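Here the structure is laid out as structure tokens; the discussion comes afterwards.
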Amino acid sequence: MKKILMVATNVDKIGDQQTGLWLSEFVEPATEWTHAGFEVTGASVKGGKIPIDPNSYSNELPRVWDGVMEPIHDTAKLTDINPDDFDAIFFCGGHGAMLDFPNNNEISALVDHFKQNEKLIGAICHGPAAFVGNKDVNDSSIVKGIKITGYSNEEEQGTGLADVVPFLLEDELNEAGASYESGGPEAEHVVVDHNFITGQNPQSTRRIAEVFKEHLS
């Protein structure tokens, strides 16, 4: 059985705004993968229950979750994770990820492990914040030279939070040496390069779940 580590944010507020995990960016992939027979484990920097952005509740989520929410009710701490136990890692989005994913030693070590062992690394929307400020064992950017996508500057400006977030993700990914690609505002857009699979926004979540499953099967 293939095992996927899904990493979510612990941050529940950005500025004066409630935030957290963007729910569909966990539920849709987890549903796809568990139905495919994969095992999903939830993790976070601090562990415990994951806060959910109140704006992310939607009637468009899968009607039958089959306990798919359980991994984010009590996540493992990243310091307790053995990456050898997993075949892939996936970073979920939500604005909270902009605060606790970047410049994180545990995330650096995990992503470096998956990169060096050519295991799948995925991220959706704000999830690629996990690649900001995080480096490999050679002190080089994790995503240097990698084609990648994530929430665009234009999309962030549309949220009204461009002046609240600590940085614009598109800018920081380019600064990290990645080759950033956008499909346009709210367009479904997934980029595959080497063992990295990234999705631009919530509209890309179902597609990235399918692509990830195809590459892991």
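Tabulated data
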item: Only one of 122, 93, 133 that is closer than 18 Å to residue 2 by Cβ and not in a helix (DSSP H, G or I); result: 122
item: Criterion violated by residue 169 - all others in (1) under 18 Å from residue 26 (Cα atoms); (2) in contact (Cβ under 8 Å) with a residue 60 or more places away in the chain; (3) buried (at least 18 other Cβ atoms within 10 Å of the Cβ) satisfied; result: (1)
item: Region 9-38: number of residues that are more than 27 Å from residue 211 (Cβ to Cβ), open to solvent by 60 Å² or more (accessible area, probe 1.4 Å) and assigned to a loop (DSSP other than H, G, I, E, B); result: 2
item: Residue in region 122-144 that is least open to solvent (accessible area, probe 1.4 Å), counting only those that are among the charged types (D, E, K, R) and at pLDDT below 95; result: 136
item: Leading residue by the ranking (least open to solvent (accessible area, probe 1.4 Å)) among those in region 157-166 that are of a type outside the set (Val, Ile, Thr) and in contact with a helix residue (DSSP H, G or I) (Cβ under 7 Å, 6 or more places away or on another chain); result: 162
item: Failed condition for residue 197, given (1) open to solvent by 10 Å² or more (accessible area, probe 1.4 Å); (2) in a strand (DSSP E or B); result: (1)
item: Filtered residues of region 96-109 (kept if surrounded by 24 or more Cβ atoms within 10 Å (Cβ to Cβ) and not in a loop (DSSP other than H, G, I, E, B)); result: 97, 98, 107
item: Total residues in region 76-85, condition open to solvent by less than 70 Å² (accessible area, probe 1.4 Å) and either of a type in the set (Lys, Arg) or in contact with a helix residue (DSSP H, G or I) (Cβ under 8 Å, 6 or more places away or on another chain) (or both); result: 3
item: Residue list for region 39-57, restricted to those being on the phi > 0 side of the Ramachandran plot and assigned to a strand (DSSP E or B); result: 48
item: Subset of region 27-49 (residues that are among the small types (Gly, Ala, Ser) and farther than 14 Å from residue 89 by Cβ); result: 36, 37, 47, 48
item: Residues (out of contact with any strand residue (DSSP E or B) (no Cβ under 9 Å at 6 or more places or on another chain) and farther than 16 Å from residue 4 by Cα) located in region 96-119; result: 102, 103, 104, 105, 109, 116
item: Cβ-Cβ under 8 Å pairs, at least 6 apart or on other chains, region 142-153 side hydroxyl-bearing (Ser, Thr, Tyr), far side in a loop (DSSP other than H, G, I, E, B) and surrounded by fewer than 15 Cβ atoms within 10 Å (Cβ to Cβ); result: 152/185
item: Residue satisfying condition, being among the basic types (Lys, Arg), open to solvent by less than 40 Å² (accessible area, probe 1.4 Å) and modelled with pLDDT of 95 or more, within set 119, 115, 147; result: 119
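The values are calculated or read from the model by the stated rules, or taken from the named source; none is laboratory data. Note that this is a predicted model, so its numbers are computed, not measured. Using ideal geometry, Cβ is built from the backbone for each residue, glycine included, and neighbour counts are taken over all protein chains shown. Keep in mind that these areas ignore ligands, DNA and RNA; they rest on the heavy atoms of the full protein, side chains included. Shrake-Rupley method; radii C 1.70, N 1.55, O 1.52, S 1.80 Å.
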